[in-house]
1. Which of the peptides 635-641, 548-554, 383-389 is most tightly packed, and how do the rest follow, going by the mean number of other Cβ atoms within 10 Å of each residue?
2. With labels modelled as points extended 7 Å from the Cα through the Cβ direction, what inter-label distance (nm, one decimal) is found for residue 255 paired with residue 337?
3. I want to make sure I understand the PRE zone here: with the label point 7 angstrom from the Cα of residue 98 toward its beta carbon, which residues in the range 55-74 have backbone N atoms less than 20 Å away?
4. Which percent of the accessible heavy-atom area of the chain goes to carbon and sulfur, probe 1.4 angstrom?
5. Taking only DSSP H segments of four or more residues, each worth -39500 (n - 2.57), what value at 222 nm results for the chain once the sum is divided by all its residues, to the nearest 500 deg cm²/dmol?
6. Contour minus end-to-end for residue 368 and residue 559, with contour as 0.36 nm per residue of separation and end-to-end as the Cα-Cα distance?
7. Can you tell me, using C-alpha contacts under 8 Å and at least 6 residues apart, the relative contact order of the chain as a whole percent?
8. Taking amide H positions as placed 1.01 Å from N in the peptide plane, with prolines and chain starts having none, which residues 5 or more places from residue 43, or on another chain, fall under 5 Å of its amide H?
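The values are calculated or read from the model by the stated rules, or taken from the named source; none is laboratory data. Just so you know, these numbers come straight off a predicted model, no measurement behind them. Quick reminder, even Gly has a Cβ in these numbers, built from the backbone with ideal geometry, and neighbours come from all protein chains shown. Surface accessibility is based on the protein's heavy atoms, side chains included, excluding ligands, DNA and RNA. Shrake-Rupley method; radii C 1.70, N 1.55, O 1.52, S 1.80 Å.
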Amino acid sequence: MCGIAGLLAQGADSRLDTALKRMTDVLAHRGPDDEGRWFDPEQGIALGQRRLAIVDLSPQGHQPMASVSGRYMLAFNGEIYNYRELRAELESTGLAPAWRGHSDTEVLLAGIEAWGAEATLRRAVGMFAIACWDRAERRLLLARDRIGEKPLYYGRSGLHWLFASELKAVRALGGNLEIDLEALASYTQGGYVPAPQTIYKGCFKLPAGHFVWLSHRAGSPVPQAFWSLDTAAQRAGGIACAHYTDAQAIDAVHDRLNTAVGLQMVADVPLGAFLSGGIDSSLVVSLMQAQSAQPVRTFTIGFDDESYNEAPYAAAVARHIGTQHTELFVTADDAKSVIPKLAHIYDEPFADASQIPTTLVSRLTRQHVTVSLSGDGGDELFAGYPRYALSAALWQRIQRVPLPLRRAVARALLAVSPRAWDRLLGAVPGVHADTVNGRRVHRLAGTLNAGDLGELYGRLMAQWQPEDGLVLGVAPQPLNGGPWHAEGSATAQMRRRDLDLYLPDDLMVKVDRAAMSTSLEARAPLLDHRVVELAFALPDRVLMRGGQGKWVLRQVLDRYVPRALVERPKAGFGVPLGAWLRGPLRGWSADLLDPALLRRQGLLDADKVGLAWHQHVEGGADRSTLLWTVLMFQAWLADTADAATAAPSLA
């Protein structure tokens, strides 16, 4: 686990090492154990890495690492969980080099030399971001894991290609970085910037499951997929598990998860797990403990607000499984201490408020272990979100009404401004502003406008709606929904949308930045791509039953934990944000949302932000989600105000 960065210059450049050091220095939190820089000024290439040593702690794991022939030079972030299997395959076929150590990096390099880059990527099981220089072809390979657990950015600065694990490494070189207003509009809808966009023009996220070759001989590079769920399903020939009995489905999920957990427990450093007491994390910890001779270290956080506090449930599960459990209770003061650091940690505007507890629990965990497993991915893969059933039911009802009639009603509702609706509804006895208000009326109008399930789901997931026009000078953007796969059931379509977009661009960003900010490696066994392929091959009847999601996971967990310990309404990893914005965070928020500041910046509509702020602190309505989106952008702006020009440009 680490941070990587590098440059590919147009020609020979003697400044590469100095520029590379500026990039890797700002990634030190991702890899405090070792620093490596390699450059070839004649070929104009520089690769750098900051290492968090997990497997092979010896100098033989140092990066960037050269292949035995010297053709390839690799900088690698992540873990290849099946590296021992790949090593054995290379040895059995006579393709193995004389091994220097036992790191997965060395195996990855040997695979690229023996099988080629794309074939090696297809064999690899893991989370990774890879930069590999091919000296013979004078081109640079960038690749990212199938689910997008590890980040990788790339773009141009003048005549140079740049890449890095985080945007702050790009900013370290200075230059003219311009905010992409369309990306900002996408951010205001989802609370994150979706791939391939970044907040800056001309800078991109490599999509999950893709690779790209960069060189100065070719034109604009086009990322290519080495994995997709569609092609995986085709290779499996439809997968017989679509016809599994209940017992067969339970056994298949159990076996595949058990294998994934076992692989991800391999480490040469102390290892533990996040435990919320919910189904997903409890199952991961149960499978870990079943394969461990010692009590597994588990970690959770709690809140004084009982509606958000899952610590007692986690403690009960830990006692039953027999883990060595540690918990931390979070107060508003704890949140206040971490919030000013979030913009720097997340590096790009990011507004999932559960980033607060995720950052805090990562800090707690890193005091005891270097690697922590999590239950991330269970809801998306196994239909755990209540919104799947609710959205499907809503669409089933509204599609019965002809679209022209629905759109006529929507136009009438939208013709009245949210503020006017608030006044009208406020005069109705018994109407509470937090449950019935102008914004909800407009959201209803948006759902009536939906031409298909994809548009409906996008609107239900969005924070600021396209017609809100929050970003100045930008026409209403299409919903931040990405490609919509209309095959399969309604639930399957929504799960697929979340796999493509919400999971890599929200949840994985949240976990990666929070964990790496404190030099902790976070692993997600449920996101082993073979588990993903199985989950999407299973029929809905083993995913949802009796109006409840994750049926098959519950059956597997029943083998380890009594149902009574985990069966409760889903709380999520949230915080009492609404109350905090009215209380201990009110001053901080008011400063960032100051109308005069917003008008000077000229990016967001100050009147619309001001209305949401007034409604939240004075009107009794909860606008915390909308406000958090603006607050995190404003905090990011303040954090990066001088960073883009702080260093001399390499361009």
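1. Details: 635-641: 17.9, 548-554: 22.4, 383-389: 20.6.
Top of the packing list down: 548-554, 383-389, 635-641.
2. Taking the two extended label points, one gets 4.9 nm.
3. Only 59-62, 65-73 fall inside the zone, counting backbone N under 20 Å.
4. After summing per-atom areas, the C and S share lands at 54 percent.
5. -12500 deg cm²/dmol, from helical runs alone.
6. Here the answer is 65.9 nm.
7. 17 percent
8. Those qualifying (amide H under 5 Å, at least 5 residues apart or on another chain) number zero.
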